[in-house]
Amino acid sequence: MSFELIDSQDRLEALAHRVRGAQRVALDTEFHTERTYSPRLMVVQLAFDDGEAIVDPLAIGDLSPLLAALDETLVIGHALSSDLKIFAERFDSVPSRVFDTQVAAAFLGFGMQISLADLVRDLRGVRLAKSQTVSDWSTRPLSERQIEYLVDDVVHLLPMYDTLVERLQAQGRYEWALEESEALGGIERYRADERRAYLRIPGAMRMNRRELGVLSEVVKLRDALARERDLPLKYIMAEDIVAGIATLRPKRVEDLAQLRRLEAGVRRQFGQAIVEAVARGEALPEDALPQRPQRPLGTSRDTVAAVMGVLIGEIARTHELPPSLLVPRASLERVAREVPGDRAALEAALGVSSWRAGLVVDPLWRLLSGELHLEIEGYAAGDPKILLSP
């Protein structure tokens, strides 16, 4: 198997030069997530129109030349967001021009989450051997089977890109897929909003705003400690312990002993920092306290969201698109909660991109304003269908 192994800084510089001279490059990565704060990059695979390269990050100290070069070409990958998230978290950099073959396939009726192996089979007639899916990518040297797997993951991407673009253009959907893919190239997409991180803690819904203030500060502390030590969040404090601290609101390190699942070692190492985080939450002025999470919709508005979902499903069926690609459930719930008063307000509440708005805003507004009705036809014959009628 012909490929170039990049395992030194000099070879990486040469590869970066090659990337800058290419009109397009296929990209994939292998990483481990089990024991670090953010995924640890183990391998980077690249494919050009004239060959493949495997980059060994464990042997190279500085990947910045490659990352800078990737920003100067079109980067093509499958389910790219997980790869780009690593670049954002580890190197604070993502390529700005990207095209995701999984996203593109969704616009052609392949579903939202088609795997690379299935798409390669359907478009290229090739069955990939996925025997190394759970391989240990930290081992060196890489085995022949590992290398075969790594090359397979990128070698088909450029020909698939050509096929997908041709089909998308034939159906008038290339711009839709391009817009969705380009959104993956913004680094802000991969930066978590620490001001809202407390919402991910189970039990936050039941807390008052003062407890949420304490919770938010403890969550920020846990994140900082985990990031500093490059450890998973759960290795610092489990989520139920974080919630317990927010409701206990300890004033002294000794008070932490009331939390039976908070180990003595954690109390000794982080106890003072935890108490200080609690104190910061207690000191927040009322107008600076976090807002309580939105409660679930009541029965009637939940029904409104469900009816809108039926309409979205029918629009998606008509265009052979996955419903979740058009409008997420959260957006429908926001509309049901806010009850926008006109079409423009509805579009703003949905927060959808231009191509989505062109498909869904008018039908949704007509449904909500009583101008459009949903009917079921053919149920008695055993072949029910949704009909839209003015």
Practice task
Can you give me the ranges of the helices (runs of 4 or more DSSP H) entirely in region 135-193 with at least 1 residues that are of a type in the set (Gly, Ala, Ser) and in contact with a helix residue (DSSP H, G or I) (Cβ under 9 Å, 6 or more places away or on another chain)?
Solution key: 174-182
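Yes/no matrix, rows are residues, columns are (1) within 28 Å of the chain's Cα centre (by Cα); (2) surrounded by fewer than 17 Cβ atoms within 10 Å (Cβ to Cβ):
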residue: Arg20; (1), (2): yes, yes
residue: His32; (1), (2): yes, yes
residue: Tyr37; (1), (2): yes, no
residue: Asp50; (1), (2): no, yes
Problem - Residues (part of a helix (DSSP H, G or I) and within 19 Å of Glu180 (Cβ to Cβ)) located in region 69-86 - result: Leu80, Ser81, Ser82, Asp83, Leu84, Lys85
Practice task
Evaluate region 107-118: report whether one residue or more is part of a loop (DSSP other than H, G, I, E, B), touching a residue at least 40 places away in the same chain (Cβ under 8 Å) and buried (at least 19 other Cβ atoms within 10 Å of the Cβ).
Solution key: yes
Practice task
All but one of (1) touching a Pro at 6+ places or on another chain (Cβ under 8 Å); (2) over 23 Å from Arg189 (Cα atoms); (3) free of Cβ contacts under 8 Å to residues at least 60 places away in the same chain hold for Asp71, so report the exception by its number.
Solution key: (2)
Exercise for the section: Name, by its number, the condition in (1) within 25 Å of Glu175 (Cβ to Cβ); (2) surrounded by fewer than 19 Cβ atoms within 10 Å (Cβ to Cβ); (3) touching a helix residue (DSSP H, G or I) at 6+ places or on another chain (Cβ under 8 Å) that does not hold for Gly61. Expected result: (1)
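Determine whether Arg356 is assigned to a helix (DSSP H, G or I) and either over 26 Å from Glu175 (Cα atoms) or touching a strand residue (DSSP E or B) at 6+ places or on another chain (Cβ under 9 Å) (or both). Reasoning before the result, please.
On the way: assigned to a helix (DSSP H, G or I): yes; either over 26 Å from Glu175 (Cα atoms) or touching a strand residue (DSSP E or B) at 6+ places or on another chain (Cβ under 9 Å) (or both): no.
Taking the combined requirement at face value, the residue does not satisfy it.
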Practice task
Search region 39-48 for residues being of a type in the set (A, V, I, L, M, F, W, C) and under 23 Å from the mean Cα position of the chain (by Cα), and hand back the single one that is surrounded by the most Cβ atoms within 10 Å (Cβ to Cβ).
Solution key: Val44
Completion exercise
Selection from region 164-206 of residues among the β-branched types (Val, Ile, Thr) and buried (at least 18 other Cβ atoms within 10 Å of the Cβ) yields Ile201
Completion exercise
The residue that is farthest from the chain's Cα centre (by Cα), considering only those in region 321-358 that are of a type in the set (Lys, Arg) and under 16 Å from Ala306 (Cβ atoms), is Arg337
Problem - Residue satisfying condition, being free of Cβ contacts under 8 Å to residues at least 24 places away in the same chain and assigned to a loop (DSSP other than H, G, I, E, B), within set Pro296, Pro250, Pro290 - result: Pro296
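Quick one: which residue in Val278, Val219, Val266, Val242 is within 30 Å of Glu89 (Cβ to Cβ), in contact with a Pro (Cβ under 7 Å, 6 or more places away or on another chain), among the aliphatic types (A, V, I, L, M) and assigned to a helix (DSSP H, G or I)? Give the derivation first.
Working: Val219 fails: in contact with a Pro (Cβ under 7 Å, 6 or more places away or on another chain); Val266 fails: in contact with a Pro (Cβ under 7 Å, 6 or more places away or on another chain); Val242 fails: in contact with a Pro (Cβ under 7 Å, 6 or more places away or on another chain).
On inspection, the qualifying residue turns out to be Val278.
All of the numbers you see were taken from the coordinates with simple rules; none came from a lab. This is a predicted model, so every value here is computed, not measured. Methodologically, a virtual Cβ is constructed for each residue, glycine included, from the backbone with ideal geometry; neighbour enumeration extends over all protein chains shown.
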